[in-house]
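We did not get these values from a lab; they are worked out from the coordinates using the rules stated. This one's a predicted model, so the numbers in the text were calculated from it and none came from an experiment. As a convention, Cβ positions derive from the backbone with ideal geometry for all residues, glycine included, and neighbour counts pool all protein chains shown.
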Amino acid sequence: MREFGLKLIANLPDALEQRNTSLDRKQCVRLRHRRSTCSRCADACPTHAISWRDELEIDPGKCIDCGICAAVCPTGAWEAHAPTNAELLGQIKSRLIEGRPILFACSHCLETLSLSSADILPVQCLGRLDESIFVGAVVMGAQAVTLLDGACADCPHSAGRAIAGQMMQRANALLASFGAPGRITLDPRRVVPEALQPRPAKPEGGLSRRDLFKFLTGRAIKTTAITVNSVLGDEDPSAQKEARPFTGPLPAQVPPKRRFLFAALRRLGQPVETQWKDGIWAQFMVTEKCSGCQMCAFFCPTGALMKTEQAGKLGVTFNLASCIDCRLCQEICYRHGVTLSPGVDLQKVVSNEVDTFWMADTQSAAWNTSLQARFEKPIPSSCEKNK
Ligand code: SF4
Ligand code: SF4
């Protein structure tokens, strides 16, 4: 079977050392199975540093460390660091305790408006922020979350603003579904709000990209042990989806950003509007074409689908809350026996419900095993967490 892998187009040791995003290729659905058509990271990358041909190709020389790939990647294969989502939520929590506003600005905005990093939450690009940050901030008590986009119009990578806008809209819609007012806004002002007037400690001429990186890294070092529990309070034991057992040879985990979102939604209580059609999750179903090979559960990157067997029947269990709408289960089913519906029940999400789909009898088991061995694509450990 053909190996799909990771290719670094340029060999730039310095660039690699300073990367602020990493790739865990075991979690990438496209590297897990060649029938996946996911290209969300490459499509969103504003500098075309990521591309897909036979392999995932990354050009570190083009990468500007914006973190957009991490925001759009459903599986968490791409992860932004310094700060991570957990660290950002920790910073938000500290600011709320100090009574400070939650204002995000990018490095470009900081340079253009000569802002002080003390009054804003700096990120490389607004497009690096996802729903878990926005909903988490509101759940922790933020009355308003503002994205300062005063510099986006002049930015050569303004695609990040559009992605930030989509994430913001989705977060506001999610909050509305739980009866909470949408409090996340994009602020296009070019005038520096009074609360953001530069402070004496700011570097001359605003923060340079290097200063920003140092600032972000420094914050990260101080906030290393942040967990769902420490930021959003006690997590229900049934919500510890990272600990769900997985017996197959491929690892499976719910991305941290999704665990934060799940914990935040649970703290909002019960949804007032249960129907949701705007992505994030998808409802799994099987059709009569399903042969019971359980391949969908074998490759599912989060463990949302898991194999089950009872009384001579084979099937899969499906946990909607763990589904990330990556569509791998549907794409790999060679019999077109899987349907994924964008319409999901938010009540099922927050109650962490598990459905069971019975597929075939156990006589197919031997055939299943040989089929899985044929399709399995080992991933060399030497390529993990590498970019
Ligand atoms: S799973 Fe993530 S890393 Fe893989 S192709 Fe999709 S967006 Fe890119
Ligand atoms: S159930 Fe399907 S769409 Fe959902 S995470 Fe698993 S493979 Fe992806």
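Using a 10 Å cut-off on Cβ atoms, rank the peptides 262-271, 307-316 from the highest mean neighbour count down.
So the peptides 262-271, 307-316, ranked by packing, come out 262-271, 307-316.
At what distance in nm do the modelled label points of Asp187 and Ala118 sit from each other, each positioned 7 Å from its Cα along Cα→Cβ?
Label-label distance for Asp187 and Ala118, simple model: 1.8 nm.
Can you order the peptides 88-95, 298-305, 350-357, 174-181 by their average number of other Cβ atoms within 10 Å per residue, highest first?
298-305, 88-95, 174-181, 350-357
Taking 0.36 nm per residue of sequence separation and subtracting the Cα-Cα distance, how much length would be gained by fully extending the chain between Lys62 and Ala176, in nm to one decimal?
Working it through step by step, the gained length comes to 37.2 nm.
Just check segment 301-350 against the gyration tensor rule for me: Cα atoms, a ≥ b ≥ c as the square roots of the eigenvalues, rounded for a/c under 1.5, and otherwise prolate or oblate depending on whether a/b exceeds b/c.
Oblate is the answer for segment 301-350, as a/c is 1.5 or above yet b/c matches or exceeds a/b.
What is the spin-label model distance, in nm, from Glu288 to Ala162 if the labels are put 7 Å beyond Cα along the C-beta direction?
4.3
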